[in-house]
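Visitor: Below is the structure I would like to discuss, written out as structure tokens.
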Amino acid sequence: MSDLDTPPTGPGASDERPTVLFVCVHNAGRSQMAAGYLQHLAGDRVRVLSAGSQPADTVYPVAVAAMAEDGIDITTETPKLLTDSSVREADVVITMGCGDACPYYAGKRYLDWELDDPAGQDLDAVRPIRDEIRARIETLVTEVAPD
């Protein structure tokens, strides 16, 4: 690998990739599925974050199962608490039913995706939620990380 192939590090180094933050209440279903799809479809062209205003202890098993059906493994993900710094890092903040819990900063792009919560639902009910998330992520990829 030449020096040209090595990404810059240290003070003054910047990451030119857009950062997308997905936020839902428990960070255990919708936001985890969305983060999984964006990482899968955009690869390293985008930084992906997810968080919750009241994070659960674990990702919902039904969300893990639904994503596994589509070949995406989110078993190692853990719900994270939404912090002010994660919102500041993001270029795009996508909320999914968390209401006013997400801080607002000028200059950020905010989207609110109204999606059913997979909490307590069976796999048959979660599949359409998963498919809607994938469709929205496919559109998002063309906007924030085109080829």
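Visitor: Rank Val64, Val93, Leu140 by how far each Cα sits towards the positive end of the charge dipole of the chain (+1 on Lys, Arg Cβ; -1 on Asp, Glu Cβ) and give me just the farthest.
Guide: Value computed over the given set: Val93.
Visitor: Given points 7 Å out from each Cα along the Cα-Cβ axis, report the Thr75 to Asp147 separation in nanometres with one decimal.
Guide: Output for this residue pair reads 3.1 nm.
Visitor: OK, next. How large is log10 of I(q)/I(0) for the chain at q = 0.12, 0.15 Å⁻¹ when the intensity is taken from the Debye formula with one equal scatterer per alpha-carbon?
Guide: The Debye formula, applied to the Cα set alone, gives -0.49, -0.74.
Visitor: Suppose every Lys and Arg Cβ carries +1 and every Asp and Glu Cβ carries -1, with no other charges. What dipole size does the chain come out with about its Cα centre, to the nearest 20 debye?
Guide: Charge dipole, the chain, about its Cα centre: 280 debye, nearest 20.
No lab work stands behind these numbers, since they all come straight from the coordinates. As the structure is a prediction and not an experimental result, all values here were calculated from the model. Positions of Cβ are backbone-derived with ideal geometry, glycine not excepted, and every protein chain shown enters the neighbour counts.
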